[in-house]
Amino acid sequence: MESVGAEIESRNILPCTALPKSADATAIQNLVAAYFQRTDRPGIDPVSELFAQAGTLALGNMVITGRASIALFFEERNLSQSAVQRVTRHMSGGIELTAMDADRVAGRSTALVFAGEGQCPLPTGAPSTICDFDDIYVRTSGGWLFEERRATVIFTGAGAAAFAK
């Protein structure tokens, strides 16, 4: 297993003392929140708009590259979830940000996913999935976007999406 220092060096990440500016950190935290809001509430705005044109989304064993492909994935997801009245809620926290350079920031966070089918309110139990996210955010003329978003499934249970099993 490579050391943290070697990982930082290999990814060209600045030492932990290189934190993004407060306004950038807030914008990135809002980007992460928008991802989950749009994922859980189809019809707000497309999730794909939060990604750079050549962005990558990796969810468990599934990797999607390019904004158009990400848009197609969420369109298909929303249709299939609507057909069975599937409801999800993602709770995210523990975001840690490290500046890679002036226009790129690495981030780590954890998300819990609750899922059910039917009319709300739905009964609850343990989360269907708990995963860690490793992100790279890129500054664009329109603001911060995901360049790369990778979810590693840590725990999975009943109601988990197919890609999380």
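The values are calculated or read from the model by the stated rules, or taken from the named source; none is laboratory data. Note that the coordinates shown come from a computational prediction; the quantities given were computed from them, not determined experimentally. Note: ideal-geometry Cβ built from the backbone for every residue, glycine included; neighbour counts use all protein chains shown.
Evaluate region 89-98: report whether one residue or more is assigned to a strand (DSSP E or B), over 18 Å from Ala33 (Cβ atoms) and touching a residue at least 12 places away in the same chain (Cβ under 8 Å). Looking for residues that are assigned to a strand (DSSP E or B), over 18 Å from Ala33 (Cβ atoms) and touching a residue at least 12 places away in the same chain (Cβ under 8 Å), one finds at least one in region 89-98, hence yes. Selection over region 20-52 of residues that are among the hydroxyl-bearing types (Ser, Thr, Tyr) and surrounded by fewer than 16 Cβ atoms within 10 Å (Cβ to Cβ) gives a count of 2.
Within region 117-147, the set of residues being buried (at least 18 other Cβ atoms within 10 Å of the Cβ) and of a type in the set (Gly, Ala, Ser) comprises just one member, Ser128.
Can you confirm whether region 90-110 contains a residue that is modelled with pLDDT of 95 or more, over 23 Å from Ser22 (Cα atoms) and in contact with a Leu (Cβ under 8 Å, 6 or more places away or on another chain)? Yes, that holds for at least one residue.
Using the structure shown, decide if Phe133 is part of a strand (DSSP E or B), closer than 14 Å to Thr156 by Cα and in contact (Cβ under 8 Å) with a residue 24 or more places away in the chain. The answer is no for Phe133. Would region 108-120 turn up any residue that is of a type outside the set (Lys, Arg) and touching a residue at least 60 places away in the same chain (Cβ under 8 Å)? For region 108-120, residues of a type outside the set (Lys, Arg) and touching a residue at least 60 places away in the same chain (Cβ under 8 Å): present.
Has region 30-42 got at least one residue that is modelled with pLDDT of 90 or more and in a loop (DSSP other than H, G, I, E, B)? Can you show your working first?
At the first step, the residues of region 30-42 found to be modelled with pLDDT of 90 or more are 30-42.
Restricting the remaining residues to those that are in a loop (DSSP other than H, G, I, E, B) gives 41-42.
Checked against the condition, which is being modelled with pLDDT of 90 or more and in a loop (DSSP other than H, G, I, E, B), region 30-42 yields at least one hit.
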